[in-house]
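The values are calculated or read from the model by the stated rules, or taken from the named source; none is laboratory data. No experiment lies behind these values; they were computed from the predicted model shown. Please note: Cβ atoms are built from the backbone with ideal geometry, for glycine as well, and neighbour counts cover all protein chains shown. Heavy atoms of the whole protein, side chains included, go into the accessibility calculation; ligands, DNA and RNA do not. Shrake-Rupley method; radii C 1.70, N 1.55, O 1.52, S 1.80 Å.
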Amino acid sequence: MFADKVYLLLLFLMPILIFFFFVAFKKRKAALNTFVSSMNMPILAVVNLKAYKVKYILLLVGLFFVILALARPQYGEQKRTVIKESSEIVVALDVSKSMLAQDSKPNRLEQAKLMVLRVVEESPGEKMGVIIFSGTAMWQCPMTYDLQALKIFLQSVEAGSLPFGGTQISDAIILASKAVSGKTASERAMLLISDGEDHDSRIKEALNIARKAELKIISVGIGTHEGSPIPLRDETGTIRDYVKDRNGQIVVSKANSILLKSIADETGGKYFDASDKDISPILIKAVRDLDKTNDEVSENDTKTDRFQIFLLFGLIALFVALLFPVSRKK
């Protein structure tokens with residue numbers, strides 16, 4: 001395995017050098033034969049042709065090993081321990097059908113995803129995970145320092161991707177609280193992004209669990225107080241109708257900022273309204289302001305540089321070639 005394989009192209013010069021040294025040797029030998037016969041060569045000639053052969057071979061070997069060293073050969077694995085200074089942040093993203101309402105452009109869910117992606121991009125070194133919820137909650141991406149992987153999981157989130165309809169914020173809070181409970185980590189925070197519509201009565205129970213886990217909830221309200229109908233699209237993406245109630249009336253989904261604000265207040269967090277503006281910079285600052293702690297993380301370097309031995313052999317061969325005597329001792 002070579003880290004800089006482009007340098008291996010220099011090996012194509014080796015046949016040229018071999019040909020050059022061969023021609024030089026033949027010319028030198030022919031020149032000597034002009035003045036000294038082959039029989040008297042060992043006695044009368046000052047130059048030792050066999051020594052030239054050795055010198056050329058040493059030069060070629062030295063250049064060969066130097067080229068290999070430049071290409072940085074790697075093999076073996078090396079484990080290292082990295083100290084990361086971070087907080088634990090659980091992103092809880094509402095994926096209920098109401099998040100398809102278009103009072104936030106292009107819709108509530110897409111605006112929420114863009115906002116979270118900006119926060120992730122500006123939070124290197126943080127330990128983050130993603131929970132999606134509607135009528136139930138599940139991990140979309142477990143807690144990780146690999147924020148690139150987390151972004152991939154975020155981009156694949158779709159409304160209605162969970163088997164149960166409705167919205168139960170409490171399930172997301174309880175799931176996040178269990179993930180951080182009992183750990184001596186940094187300040188724990190949950191970034192809850194929802195329109196605030198909730199169809200269960202377990203919020204108080206969930207908030208009690210969150211407080212015991214010392215989970216601070218930063219809630220973000222998506223959507224407007226005036227609300228918007230929830231579109232139903234066909235396979236081509238064209239709106240064919242809107243969600244209706246039992247009486248056939250079009251349902252208007254409205255943001256519930258009161259509930260989201262109370263959730264944040266109960267856990268010592270903050271509430272932000274994202275109904276009419278991009279609040280990504282505010283959320284990024286809120287994440288950066290969280291207390292940090294040092295966490296030891298073991299990382300595997302898949303390959304270790306081994307160019308040193310090749311470079312040593314190459315330099316030794318070149319050094320010997322430069323000092324190698326080509327004259328006969330008198």
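Listed by position, the strands (runs of 3 or more DSSP E) inside the stretch 223-325 whose residues that are touching a Pro at 6+ places or on another chain (Cβ under 6 Å) number at least 1 are 239-242.
Only residues that are crowded, with 16+ Cβ neighbours inside 10 Å, out of contact with any Ser or Thr (no Cβ under 7 Å at 6 or more places or on another chain) and closer than 13 Å to R211 by Cβ were counted across the stretch 252-271, and they come to 2. Residue pairs whose Cβ atoms lie under 6 Å apart, separated by 6 or more positions or on different chains, with the first residue in the stretch 274-292 and open to solvent by 10 Å² or more (accessible area, probe 1.4 Å) and the second assigned to a helix (DSSP H, G or I) and modelled with pLDDT of 85 or more, are I284/V119.
Hey, among L117, L150, which residue is modelled with pLDDT of 90 or more, in contact with a Cys (Cβ under 6 Å, 6 or more places away or on another chain) and farther than 21 Å from S253 by Cβ? Lay out the reasoning, then the answer.
Numbers: L117 fails: in contact with a Cys (Cβ under 6 Å, 6 or more places away or on another chain).
Just a single option satisfies the conditions, and that option is L150.
Taken over the stretch 115-124, residues that are free of Cβ contacts under 8 Å to residues at least 40 places away in the same chain, in a helix (DSSP H, G or I) and open to solvent by 20 Å² or more (accessible area, probe 1.4 Å) amount to 2.
Each row is one residue, and each column tells you yes or no for (1) under 30 Å from S87 (Cα atoms); (2) in contact with a helix residue (DSSP H, G or I) (Cβ under 8 Å, 6 or more places away or on another chain); (3) modelled with pLDDT of 90 or more; (4) of a type in the set (V, I, T).
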site	(1), (2), (3), (4)
V220	yes, yes, yes, yes
T236	no, no, no, yes
V252	no, no, yes, yes
D273	yes, yes, yes, no
D289	yes, no, no, no
L315	no, yes, yes, no
L322	no, no, no, no
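Take the conditions open to solvent by 90 Å² or more (accessible area, probe 1.4 Å) and not polar (S, T, N, Q) and apply them to K216. Does it pass? I'd like the intermediate steps shown before the answer.
Values: open to solvent by 90 Å² or more (accessible area, probe 1.4 Å): no; not polar (S, T, N, Q): yes.
No; evaluated as a whole, the condition is false for this residue.
The C-beta contact set for the stretch 199-224 (first residue at positive phi, second residue open to solvent by 10 Å² or more (accessible area, probe 1.4 Å) and at pLDDT below 90, distance under 7 angstrom, 6+ apart or interchain) comprises E214/R188; G223/S275.
Given the criterion more than 27 Å from D278 (Cβ to Cβ) and in contact (Cβ under 8 Å) with a residue 40 or more places away in the chain, identify the matching residue among G160, G166.
Working: G160 fails: more than 27 Å from D278 (Cβ to Cβ).
Matching residue, one of G160, G166: G166.
Tell me which residues, restricted to the stretch 58-114, are modelled with pLDDT under 85 and open to solvent by 60 Å² or more (accessible area, probe 1.4 Å). Answer for the stretch 58-114, where residues must be modelled with pLDDT under 85 and open to solvent by 60 Å² or more (accessible area, probe 1.4 Å): Y75, E77, Q78, K79, R80, T81, I83, E85.
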